[in-house]
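Have a look at the structure below, then the notes.
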Amino acid sequence: WVLDVILCFSTGVYIKGELVMLRQAVAKMYLMSWFLPDITIIITDFFSIVAAATSEGSGGGTGLLRMSKMSRFLRLARLLRLAKVSENFQRITDLLASASLDLILDTIKPLVVIILINHLIACLWFAVGSYAYSDTGRRWLDDRIGPDSTYYDASFMYQYLTCLHWSMTQMTPGSMQVFPTNSAERIVNFVCLLVGMMAFSSIISSLSAKLVQSQNKSKERTQSLSALRRFLRTSGVNPRFAVVVERAATEILSRSLKPLVATDVAAVKSLPSSLQMRLRKELCKKHLHHPFFRLWAVVDINGLRSLCYEAIDHKAFGPGDVVFLARTVASAAFIIAQGRLEYSLDDAKPDQDEKVDLEVGHFLCEPVLWSTWTHTGQALASVGTVCLAINAERFGLVATRNRFFRYFVVEYGKAFHQRMSMNLSGSSFHKPTDIQVLVASLEAILPTMSMESRLLVGGSALRSEHQRKQTRWFANMDEDSLRDEVVGGKCVIMLNEHNDMVRVVALQVVEIQNDLGKVLTELAAWKNDRVVVDVKLPGKKQGGGEMAEIALRRVLQDTLAPFAEFVEPTDLDVEETSSVSKGTSITTKYIKTINRARLTREVELTEVRWEAHAEAQAAPGGTGHIGRVRRSSTIMSFAPEVLVAAQHFAAASSSAPHPSLPQPSNLEVFALANPKGDIFLYAWLDAAEHEHFRSAAGEEHLQKFFDSAKLDSSIPRLARHRFEQISALARSKCEAV
């Protein structure tokens with residue numbers, strides 16, 4: 001009891017519907033409610049212990065003995081805790097979402113109450129017989145139960161069972177041989193009969209109502225199944241399939257498989273509209289993890305509250321229920337709030353299993369919010385499932401009410417629709433589906449949006465982070481510096497689905513494959529008169545407000561200009577990687593759009609030709625030889641109509657790795673130049689070579705291989721001159737592609 005009192009001073013309470021954790025308010029609330037009953041229990045317990053100890057130490061004096069017995073009566077104050085016990089029991093019952101178990105508990109509870117009431121009456125009857133004033137000089141405990149013994153002389157167990165038996169006869173038509181023998185006992189007998197008549201009849205009626213309700217449900221279930229069997233039999237349904245239908249109906253009727261939603265609770269409808277709106281927001285906000293809704297919550301919290309109240313409905317589905325069917329016009333987007341869905345594409349091949357399990361938090365049918373959308377598959381509930389259905393029409397009305405936020409919504413919607421249309425334009429690209437639209441996430445779209453929209457998102461992220469007072473990154477970068485980068489357009493930041501601030505970088509890369517299945521790969525670049533190895537696919541970073549098509553065009557018009565005429569797009573893919581900046585501790589998310597293409601015809605390339613000769617030199621003081629290979633080569637033209645440069649350099653070989661690994665000397669290396677005169681080394685790599693040279697060990701091997709390369713000062717000037725000669729032709733061909 002003492003520990004319970006201490007904990008109650010630290011246990012949060014609800015005041016006017018709000019959870020309060022402030023210690024002063026909690027202590028005040030406890031002192032005004034349960035403190036007095038709890039302290040009464042503690043005092044009576046300590047009093048009874050002290051009284052019993054004093055009685056034993058004084059040789060069993062009569063006064064102290066009676067005081068000890070009186071303390072037992074005071075300990076009845078602990079029954080005040082029954083109210084808390086009842087409240088906790090009700091909470092546990094509410095957690096058990098089973099109709100059958102609920103019925104069992106509702107049947108047991110009246111029986112427990114009957115036993116408890118009879119226990120209290122038995123204790124009261126014994127106390128009256130022991131301590132109450134007798135105007136006749138007799139007590140019921142003085143009645144004989146044998147030739148030489150009375151109830152007073154009996155054991156404690158016999159006394160308690162006798163009192164419990166007597167209390168039961170006051171609530172039922174039963175009788176026994178114990179009768180009141182004085183006025184006090186007769187008054188108690190009369191009160192017990194009166195209370196027993198009302199309490200017993202109320203409890204019995206409640207128990208009977210529960211049993212009748214259960215019988216009615218069972219009867220309705222039996223009648224429904226009987227009607228179903230009769231219907232299946234008269235309709236000529238295949239008997240095997242009829243058994244399947246009957247078993248499914250039996251399982252559904254036997255237990256409630258659909259979770260409860262707000263519309264199923266009558267008490268929710270009786271709440272004031274303001275409280276219903278707050279309840280809707282509370283139910284929805286923990287599932288609105290999409291960065292768009294995160295932004296909305298910071299920019300226009302009232303608008304998001306209106307969205308939850310006006311445009312979002314909670315839909316409950318049982319196992320096997322259809323959420324939506326393929327080829328039907330969509331009217332709402334869905335977010336899984338509870339349970340699991342099974343999604344399958346409509347145009348899946350018969351030999352392929354295209355079923356996808358979607359867990360809690362998955363966002364389905366986002367395109368319906370920005371365009372007219374027809375479902376590309378069907379979704380079924382695997383278990384009892386609750387979904388947030390965002391009505392598209394009402395979403396549009398709510399999202400454009402705020403004049404400040406409307407501009408961003410319209411721009412984001414147009415960009416999403418444009419990317420979705422781009423995915424539909426290609427015959428072999430990934431088609432948009434109900435569960436995925438490639439390159440259409442807010443992270444991928446944001447870097448291509450206007451400066452105003454990027455400032456809105458970045459400023460909202462900064463404000464949200466500042467309000468949460470999570471200053472771990474401010475330790476390395478002050479707030480003003482980061483804000484200046486956002487305002488200056490140097491970086492794009494936003495809140496992700498976990499409500500964490502991230503920097504977003506969008507990249508457009510090209511993966512060109514020839515007839516041999518090899519991929520065009522950039523190996524290195526000339527920087528400061530030396531080769532700097534950086535193995536990667538050719539690509540560019542999207543600039544602020546730059547669309548993906550323009551960024552891709554820049555890639556093809558740059559070093560890849562001679563290939564533009566012969567490139568045919570085949571596929572599109574997205575890779576997302578993240579890294580934490582050591583300077584600011586901010587996560588940077590790289591969204592790389594990989595534009596796969598094939599070469600329609602062979603481009604005649606003059607690669608670096610390696611002419612090697614070995615010089616053997618005896619090691620001093622030994623019999624072995626140390627081989628040193630020197631290579632000389634010439635980088636010629638990379639296309640028949642374009643002469644880039646002529647360059648001579650020598651490279652000393654490094655210690656080669658394992659012979660089974662790809663060797664740099666086996667590569668057909670050629671050079672490409674951009675308009676600035678920068679020169680890059682390229683090669684066609686197969687899958688094994690690409691994997692090896694992309695690794696740290698492979699890049700180190702390449703770097704050692706190219707370390708002795710020399711660049712003539714006239715090469716960049718000549719390369720730029722040659723590039724300008726073909727720029728007009730190459731760019732026009734690129735535009736056509």
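The values are calculated or read from the model by the stated rules, or taken from the named source; none is laboratory data. All figures in this text were calculated on a predicted structure; none of them were measured in a lab. Glycine gets a Cβ as well: all are built from the backbone with ideal geometry, and neighbour counts include every protein chain shown. These area figures cover heavy atoms from the full protein model, side chains too; ligands, DNA and RNA do not enter into them. Shrake-Rupley method; radii C 1.70, N 1.55, O 1.52, S 1.80 Å.
So for segment 262-285 (the condition being closer than 22 Å to Gln436 by Cβ and surrounded by 15 or more Cβ atoms within 10 Å (Cβ to Cβ)), does at least one residue qualify? No, segment 262-285 contains no residue that is closer than 22 Å to Gln436 by Cβ and surrounded by 15 or more Cβ atoms within 10 Å (Cβ to Cβ).
Per the listing Phe334, Phe324, Phe292, the residue uniquely surrounded by 15 or more Cβ atoms within 10 Å (Cβ to Cβ), in contact with a Cys (Cβ under 7 Å, 6 or more places away or on another chain) and of a type outside the set (Val, Ile, Thr) is Phe334.
Looking at segment 677-702, I want the residues that are touching a residue at least 12 places away in the same chain (Cβ under 8 Å) and have a partner that is among the polar types (S, T, N, Q) and assigned to a helix (DSSP H, G or I) with Cβ atoms under 9 Å, at least 6 apart or on another chain. Which pairs are those? From residues that are touching a residue at least 12 places away in the same chain (Cβ under 8 Å), the pairs are Glu689/Asn666. None of Ile114, Ile121 is modelled with pLDDT under 85, under 18 Å from Val191 (Cβ atoms), in contact with a helix residue (DSSP H, G or I) (Cβ under 9 Å, 6 or more places away or on another chain) and not small (Gly, Ala, Ser) except Ile114.
Whether any residue in segment 695-716 is touching a Pro at 6+ places or on another chain (Cβ under 8 Å), modelled with pLDDT of 65 or more, open to solvent by 30 Å² or more (accessible area, probe 1.4 Å) and more than 24 Å from Pro569 (Cβ to Cβ) is what I want to check. Checking segment 695-716: at least one residue is touching a Pro at 6+ places or on another chain (Cβ under 8 Å), modelled with pLDDT of 65 or more, open to solvent by 30 Å² or more (accessible area, probe 1.4 Å) and more than 24 Å from Pro569 (Cβ to Cβ).
When Tyr412 is tested against (1) in a loop (DSSP other than H, G, I, E, B); (2) closer than 16 Å to Leu307 by Cβ; (3) among the hydroxyl-bearing types (Ser, Thr, Tyr), only condition (1) is not met. Output yes when any residue across segment 177-192 is part of a helix (DSSP H, G or I) and in contact with a strand residue (DSSP E or B) (Cβ under 9 Å, 6 or more places away or on another chain), and no when none is. No, there is no match, as no residue in segment 177-192 is part of a helix (DSSP H, G or I) and in contact with a strand residue (DSSP E or B) (Cβ under 9 Å, 6 or more places away or on another chain). Among the residues of this structure, Gly146 does not count as one that is under 58 Å from the mean Cα position of the chain (by Cα) and open to solvent by less than 70 Å² (accessible area, probe 1.4 Å). The set of residues from segment 152-167 being surrounded by 17 or more Cβ atoms within 10 Å (Cβ to Cβ) and either more than 11 Å from Trp125 (Cα to Cα) or under 60 Å from the mean Cα position of the chain (by Cα) (or both) comprises Cys163, Leu164, Trp166, Ser167. Counting only residues that are aliphatic (A, V, I, L, M), outside any strand (DSSP E or B) and open to solvent by less than 70 Å² (accessible area, probe 1.4 Å), segment 514-544 holds 1 of them.
When restricted to residues that are touching a strand residue (DSSP E or B) at 6+ places or on another chain (Cβ under 7 Å), aromatic (Phe, Trp, Tyr) and more than 17 Å from Pro367 (Cα to Cα), segment 309-351 contains 1.
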